[in-house]
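Structure first, commentary second.
The values are calculated or read from the model by the stated rules, or taken from the named source; none is laboratory data. Predicted model only: the values in this text are computed from it and were never measured. Here the Cβ is made from the backbone with ideal geometry for all residues, glycine too, and neighbour counts use every protein chain on show. We work out accessible area using only protein heavy atoms, side chains counted, and drop any ligands, DNA or RNA first. Shrake-Rupley method; radii C 1.70, N 1.55, O 1.52, S 1.80 Å.
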Amino acid sequence: MATLTEILSAATSGETPRGWRRAVVDAEGWSRVAAALGAGEGTLMGLWGEPAAVFMAVLDESESAVWILSLNCPEGSFPSVGRVHAPAQRLERTIRDLFGLQPVDAPDRRPWLDHGRWELAQPLAAAPQAPAAEMPPYAFLAAEGPNLHRIPVGPVHAGIIEPGHFRFTVNGEAVVRLEERLGYVHKGIEGLMTGAGLERAARLAARVSGDSTVAYSFAFARAVEAALGIEAPTRAVWLRALMAELERLANHFGDIGAIANDASFSLMLAHCSVLRERVLRVAETCFGHRLMMDRIQPGGVTHDLQADHQGVIRGLIDEARRRFPHLVELYEQTASLKDRTVGTGHLNPALARRFGAGGFVGRASGRGFDCRRSLAYAPYDELLFGAPIVHRGDVNARLWVRVVEVGQSLGLIDQILDGLPEGALTVDSNRLSAAAGEGLALVEGFRGDILVWVRLGEDGTVERCHLRDPSWFQWPLLEAVIDNNIIADFPLCNKSFNCSYSGHDL
Amino acid sequence: MRKLFFESLFRGPLTEPAPPADAGQLAELAERLKGAAQRRIGRSLSIRQVDAGSCNGCELEIHAMNNPFYDLERFGIRFVASPRHADVLLVTGPVTRNMKEALERTYAATPGPKWVVATGDCAADGGCFAGSYAVCGGVAAVLPVDLVIPGCPPTPEKMLAGLLALLETVA
């Protein structure tokens, strides 16, 4: 079989954009790429629709390049990728729900985001339909046998978390099958994006997943800049990275505390939530918003770092460096806590690789992919930081990756403050004026790689924008890791993944 | 662990003084509830939080109310796991159509007297998601709302001020 690179190179049409490659393929080419993915070549990074076309993003590790393939679908159908490559299945079900395009020979014909409650069926298709009178009840996968019983959980959960439904089948305490049903927080973001001006589109992008608002704004801005063929000023780029690392710190502190809390070790939560609050307050002081929402815009950033704010951030770094090691030590020395995390929720490295699991989920199971290094973007190409890769794949490993990344982010913030260049915060506004084009960007958020692909029209509005959360490829793995664990360990497994519902449901 | 405990002992509490109850919201609540619920539930509130389609930004700040700086529980306000134990539904998000029924059922499962607090700009009127085929456009489109706490997301301080106003009025 031809290698993925050969198939893709043969399919290339016209000039290749900087940083990524673009190809229009026919149905046969599409199927060959699907088969190569199924055979373990390359990594599926995204799969999305348009009214009359489907798109696929493929990472070719050997070349450190991302390919965007598109296939026109005049007949309203396309060869299923999910048939040979399981990670594509939920994405294909979504394409069918939103655009009405049929994946031919798809193994799973059930709807995914469409629960039969929308005002329209196939809402983003060229001609949306009136919804069917009543959608049949969702058919959960079977799990039958003596002594098995089912536990339905959600969509409204017991804690302060996002809604989703989990259907457990258990034998005594052991989980024999978990099936997720998501889509409860589908807001129709990609529909709202279509036809939106850049300002409104950036506002929507910042609200795909609130915990990753900086990373989403960063990715959206870079995608738009790629489409327009412009670059943000250097100072703005460095400030973006500063915000991105502050966001990572805040989320990792929150997660580490929350994982321990799910094993009823609330002392850790209390101390970690203090560190998290410190980060948010520094963000408020320096950038005027605790979560730094809407601070990154296409073309630059909205807030400058004042001279006296350097000291504020350095103070935060010092405090984190002073206090955090005590918490790590506390975790390490609390046997009753480690008893819950070590060996729990094991993710097989082969599965992590197949699903292209990003962030701490991938890095705790041997997959070292990190956009900041693998597809380095400014300013990370000038900064030094390591890649924590662990192979144990359990809750403990995912927590440890976060611990190491906290240290790295502190180091990165140091380097950014030391090297922060002077200069403008945004490009001249006339350079942001209307021009048609396509742009792609991948940005490493705290939970993994966020992909944003955008096509701008002649009038400068968004013709189509797709935002792919890392959770798309992590949620299915959560179903795998809970296998044979006791149901009481599900909160730990779930929190160690900390997938986004909103980012997934869009 | 001992080291941490000692440190905490000498460091003193991080908890900050309470913000004053939001005056505007106090007046609004007094008008809306007309004293109907006075002294029914004592000086405490149990809250069931329902995410009806938020981006999870509001949830992060609701969590923050529990951290040592804001320490929500010192006011007798606490989060409960079941709507059957709740006095207040704290609802976030523009109410997606896929969550509408779950929200209505949660409300039905909450015993009276009960209050609905719409938290965040999305919950107020759908925010930037209003007009989508997939959202109802704010909590008021589905449930009777007693209090709106605006913000994107509202800061923990703002939420606390709103909840204290509710506590003043009903408890």
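Looking at segment B:1-22, which of its residues are at the interface with chain A (Cβ under 9 Å from one of its Cβ atoms), assigned to a helix (DSSP H, G or I) and either farther than 19 Å from A:C272 by Cβ or open to solvent by 60 Å² or more (accessible area, probe 1.4 Å) (or both)? Don't jump to the end; show me each part of the working.
Here is the first cut: in segment B:1-22, the residues at the interface with chain A (Cβ under 9 Å from one of its Cβ atoms) are B:1, B:3-5, B:7-8, B:14.
Of the ones still in play, those that are also assigned to a helix (DSSP H, G or I) are B:3-5, B:7-8.
Hits for segment B:1-22 are B:K3, B:F5, B:E7.
For segment A:352-372: of the residues being in a helix (DSSP H, G or I) and either charged (D, E, K, R) or touching a Leu at 6+ places or on another chain (Cβ under 6 Å) (or both), which is farthest from A:V406 (Cα to Cα)?
A:R354
Which members of segment A:378-419 meet the condition of being open to solvent by less than 10 Å² (accessible area, probe 1.4 Å) and of a type in the set (G, A, S)?
A:G393, A:A397, A:S409
Let me confirm something: among A:S336, A:S365, which residue is over 26 Å from the mean Cα position of the chain (by Cα) and hydroxyl-bearing (S, T, Y)?
It is A:S336.
When segment B:91-109 is examined, which residues are found to be crowded, with 22+ Cβ neighbours inside 10 Å and more than 9 Å from chain A (Cβ to nearest Cβ)?
Hits for segment B:91-109 are B:V91, B:T92, B:V95.
What's the total number of residues in segment A:448-471 that are out of contact with any strand residue (DSSP E or B) (no Cβ under 6 Å at 6 or more places or on another chain) and open to solvent by 10 Å² or more (accessible area, probe 1.4 Å)?
4
Out of the residues in segment B:118-136 meeting the condition of being without any contact (Cβ under 8 Å) to a residue 60 or more places away in the chain and away from chain A (no Cβ under 11 Å), tell me which one is nearest to B:D87 (Cα to Cα).
B:A118
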